[in-house]
1. With labels modelled as points extended 7 Å from the Cα through the Cβ direction, what inter-label distance (nm, one decimal) is found for ASP336 paired with ILE172?
2. Can you check what the net charge comes to around THR299, using other residues whose Cβ is under 15 Å from the Cβ of THR299 (Lys, Arg +1; Asp, Glu -1)?
3. For the stretch 133-271, what is the charge dipole size about the Cα centre, in debye to the nearest 20, if Lys and Arg each add +1 at the Cβ and Asp and Glu each add -1 at the Cβ?
4. More than 19 Å apart: what percent of Cα pairs in the stretch 115-196 qualify?
5. Loop by DSSP (not H, G, I, E, B), at most 13 other beta-carbon atoms within 10 Å: where is the longest site-free stretch of the chain for GluC sites (Glu not before Pro)?
6. Test of understanding: extend the Cα→C-beta vector of ILE53 to 7 Å, then name every residue of the stretch 210-229 with backbone N under 13 Å from that spot.
7. Say the dipole of the chain comes from +1 at the beta carbon of Lys and Arg and -1 at that of Asp and Glu; which of ILE152, MET60, PHE136 then lies farthest toward its positive end?
8. Considering the options THR299, TRP340, LEU314, tell which one lies farthest towards the positive end of the dipole of the stretch 293-359, charges being +1 on Lys and Arg and -1 on Asp and Glu at the Cβ, about the Cα centre.
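Readers should treat all values here as calculations from the given coordinates under stated rules, not as data from a laboratory. Small disclaimer: the values here were computed from a predicted structure and weren't measured. Positions of Cβ are backbone-derived with ideal geometry, glycine not excepted, and every protein chain shown enters the neighbour counts.
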Amino acid sequence: MAMGRAQWGSKLGFVMAASGSAVGLGNLWKFPYITWENNGGAFVIVYLAAVLILGLPIMMAEILVGRRAQQSAVPAFEALGGRGWSIVGWLGVLAGAVILSYYTVIAGWSISSFVQCLGWSFNGYAAPSADAFDKFLANGPLQLGLTAVFTILTAVIVYRGIGGGIELATKIMMPVLIIILLYLVGTALTMEGRGQALSMIFTPNFSELPPQGVLLAVGQAFFSLSLGLGAMVAYGSYIGKKESIFGSALWVVILDTGFALLACIAMFTIIFSVPDLQGRLSGSTVGMLFITLPDLFYTKMPGGAVLAPAFFILVGFAALSSTISLGEVVTSLMIDRRGWSRPKAVIVCSGVIFVGSIFAALSLGAVDSLSSFELFEGKKGVLSNLDHLAANWLLPLGGLGTTVFVGWFLGKENIREELGFTRQGIYFAMFLWSLRVIAPIAILILLGFVISGRDFS
Ligand code: TRP
C-alpha cells in the first residue's frame with residue numbers, strides 16, 4: 001500500500017474531477033441522439049432506472065475498491081482479490097482504448113463547429129443545406145485531421161500529468177458550461193416546440209420503445225457515468241478516508257444526469273420549433289448536437305454570436321476532460337506494469353489508439369467498406385460498432401465483475417468500514433442486496449437476452 005498517497009483537497013475536489021470525467025460527449029452528444037432514436041419517454045424512464053438501480057451502487061462499488069486498495073484498477077483488484085480478479089481491470093483498459101479510438105473522432109467535431117461558428121459570428125448566419133453535415137462526415141481527410149488534433153491535445157495533457165492544469169481548467173469551465181446550457185434551455189423553452197419536446201422526453205409510452213432500447217439505456221448509463229472500466233476506481237483511490245462515498249457518488253450521478261436531460265430538452269425543443277430542421281437531421285441524428293444548436297444561437301438568442309463559439313469550446317473541454325481520464329487509464333497501466341517511462345507510454349498508447357481512430361474516422365462515408373461494416377445488427381460503420389461494443393458489452397461486463405467482486409468477495413466488514421456504517425443496519429443491507437443480487441442479475445439477464453439473439457418485442 002502506498003504511503004502518503006495524494007488526496008483530493010475536499011469532497012468537492014472529487015466531485016468535480018469525477019463529474020469532469022462523467023460529463024462529456026455522453027451527455028451532450030450521445031444521450032440526446034439515442035433518446036431521439038428510441039422515441040424518448042419510455043427510454044428515458046429505463047435510463048433513469050438504470051442510473052439509480054445499477055449506476056449508483058456500481059459507482060459506489062468502484063470508488064470503494066479504489067479507496068480500499070489505494071491503487072488504480074488492475075493493481076487494486078489484484079491486491080484485494082488476487083491475480084484472477086485483475087482481469088476486470090484489464091477488460092477496463094481494453095474498453096478504455098476502444099472508447100478513446102472513436103471518442104476523439106466525435107470530439108474533433110467540436111473543433112470544426114467552433115471554427116464554423118466563428119465564421120458565422122463574423123459574416124452572418126446562413127442555415128446550412130440539408131446535406132451539409134453528411135458531406136462533412138464523408139470528408140475523410142478533414143475527419144482524420146480533426147481526430148489527429150484532438151488525439152494530440154489529449155496526449156499532451158496526459159503526458160504532462162493530469163494534476164494542476166486540467167483539473168483547474170475543468171473546475172472553471174464546468175460551471176460556465178452549466179450556465180450557458182441553462183441559458184440555452186431557457187431560451188429554447190420560449191419556442192413553440194417546447195410542449196412537443198417535453199412530452200416526447202417525459203411521457204413514457206412503452207410500446208414505442210424499440211426492442212434493443214433497454215440494452216442501449218443500460219449501456220448509456222455506464223458510459224455516461226464513466227463506469228465499468230475502472231476510471232472511478234482510480235479516482236476513488238484519492239478520496240480522503242473521512243469522506244462519504246455515498247454522498248460523493250450521489251452528487252456525480254445527479255450532475256451527470258442533469259446535464260444529459262438539459263441537453264436533451266434544449267435540442268428537442270429546437271428540432272420541433274425550427275421548420276426544416278428535421279430534414280437536416282435525417283440520416284445523421286448522430287450529429288444532432290452540432291446541427292441543432294447553432295440555429296438557436298444565431299436566430300433566437302441575444303448574445304448568440306459570442307456564445308456559439310464559446311459553447312463549442314466548452315464542449316471540446318468537456319470532451320477533453322473525459323478523454324484524458326480514458327487516456328490515463330491506459331497509459332498509467334503501461335507505466336505501472338511494463339515499467340515504461342511516461343513519454344514512451346503516452347506516445348505508444350496514443351499511436352496505437354490513433355490507428356483505431358483512422359478506421360473510425362473514415363467510416364462515416366469516406367470509405368465505403370468501413371462505412372458499411374456491420375458487426376452488430378443495425379449498426380453501420382466501424383465507429384457505431386465500436387461504440388456499441390464498448391458501451392453495451394465491455395462496460396456492463398466490467399460492471400458485472402465489479403459488483404460480483406465487491407458483493408461476494410470483498411467481505412462484508414471491509415465494505416461496512418469503507419462506507420462508514422457503524423453497524424449493519426437497513427441501508428447497509430440494501431446496498432449489499434443490490435450489489436449481490438439485483439445488479440448482477442439485471443446485467444446477466446440483459447446480456448443473456450442479447451447473446452441469445454432474442455429481441456424484446
Ligand atoms: N463519461 C464520459 C462521457 O459521458 C466518457 C468517459 C470518460 C467514460 N471516462 C470514461 C466512459 C470511463 C466509461 C468509462 O462522455
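1. That separation, rounded to one decimal, is 3.1 nm.
2. -1
3. 360
4. 69
5. Free of exposed loop sites, the longest segment is 1-191.
6. 214-215, 217-219
7. After comparing all options, I get MET60.
8. Going by the charge dipole, the pick is TRP340.
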